[in-house]
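Take a look at the structure set out below.
The values are calculated or read from the model by the stated rules, or taken from the named source; none is laboratory data. None of these values were measured; they are calculated from a predicted model. So basically every Cβ, Gly included, is an ideal-geometry build from the backbone, and we count neighbours across all protein chains shown.
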Amino acid sequence: MTSRINIARPPPGGAQSSYAAPASDPYGLANSRPSPGFRAAPNPDDPLAKLRAFGDSVDDAINTYTQPLRPHLPAIGRFLIVVTFYEDALRILTQWSDQLWYLQTHRHFYWGISHLFLLFNVLVMLAASSAIVARRFPEAACAGLFAVVVIQGFGYGLIFDLTFFLRNLSVIGGLVMVFSETMVTQRKSFAGLPNISETDRKKYFLLAGRVLLIFLFIGFMFQGTWSISRVFMSLIGLAACVMVAIGFKAKWAGTFLVIVLSILNVFANNWWSVHSAHPQRDFLKYDFFQTLSIVGGLILVVNMGPGGLSVDEKKKNY
């Protein structure tokens, strides 16, 4: 057995061993094989490297310019999400007789049922919206506003209207973002079921909110007449929506959508320029405040990030 052991005794006569480093490289630095943790420097001429560097610079610019507003972004986002419900409650109160006439004449509501329907919507919208702004009882407030969206869809007969359906999916996405942003720890255990931590729940809610928010832009693509500029904007907006949905450069894409939707909202839904007696004024006002709600949801995406179930988070972990 001892014949198999190499005790590294120097060879007779002081001859250099076959494994010794050459005299010109006494420290063995000529080894060309990289170490296991070695990573080659990125090629500056690689298009992907240039795109990645550009994306990082955009992220840095967004973080720099939004830094003064960052402490206020959650409050701004929550208020914009619920502003459409405030406007809807005010519209019902100021047009009470017209609302009753429509429900009783066109929707065949019985007298008294129509009054309760409108009163329920007003009370829930005002109470739940105020609770969300004040960050109180987020679960009950979001559930109440979700119920209002569904009940109004059936009550006014708009549940099967494609534009109404897509827009309200986006509003629901904003409510999901609010719930994720104000989520509190609640330890509940159910027999035979694994417990889901707050972090895991928040990941799934953020994913659902991101996906639902993009339906507004899909509804926009189906409206109006097509032109070259409209096709161009639709393609760019759709690409940004996909980036938000999968969580790839979500802050960058969310900021772009906030800017684009804000500009389009001012020019396309300028209800203040329409005469108060014109029937189109109420529709434009409704679309204007609903778009503000989706902008608020996107602001929460920019503030919180895409969450754990996203491409950005996977890249960060990798």
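Screening Ser276 with (1) touching an Asp or Glu at 6+ places or on another chain (Cβ under 8 Å); (2) not in a helix (DSSP H, G or I) gives one miss only, at (1).
A search for C-beta distances below 9 Å between a residue of region 270-284 that is in contact (Cβ under 8 Å) with a residue 24 or more places away in the chain and any residue that is surrounded by 12 or more Cβ atoms within 10 Å (Cβ to Cβ), counting only pairs 6+ apart in sequence or on different chains, returns Asp282/Arg91; Asp282/Gln95; Asp282/Trp271. Considering region 121-177, the residues that are aromatic (Phe, Trp, Tyr) and in a helix (DSSP H, G or I) include one that is nearest to Asp287 (Cα to Cα), namely Phe164. Just one of the listed residues (Ser170, Ser197) is on the phi < 0 side of the Ramachandran plot and modelled with pLDDT of 80 or more, and it is Ser170. Of the residues making up region 212-235, those that are modelled with pLDDT of 75 or more and surrounded by fewer than 13 Cβ atoms within 10 Å (Cβ to Cβ) are Ile228, Val231, Phe232, Leu235.
Counting the residues of region 272-318 that are under 19 Å from Ile259 (Cα atoms) and among the polar types (S, T, N, Q) gives 4. Among the residues of region 59-74, are any touching an Asp or Glu at 6+ places or on another chain (Cβ under 8 Å) and modelled with pLDDT under 90? Yes: one or more hits. For region 103-118, filtering for residues that are touching a helix residue (DSSP H, G or I) at 6+ places or on another chain (Cβ under 9 Å) and of a type outside the set (S, T, N, Q) leaves 9.
Of the candidates Val302, Val311, Val258, the single residue that is surrounded by 12 or more Cβ atoms within 10 Å (Cβ to Cβ) and without any contact (Cβ under 8 Å) to a residue 60 or more places away in the chain is Val258. If only residues of region 74-115 that are charged (D, E, K, R) and part of a helix (DSSP H, G or I) are counted, the one that is surrounded by the fewest Cβ atoms within 10 Å (Cβ to Cβ) is Asp98.
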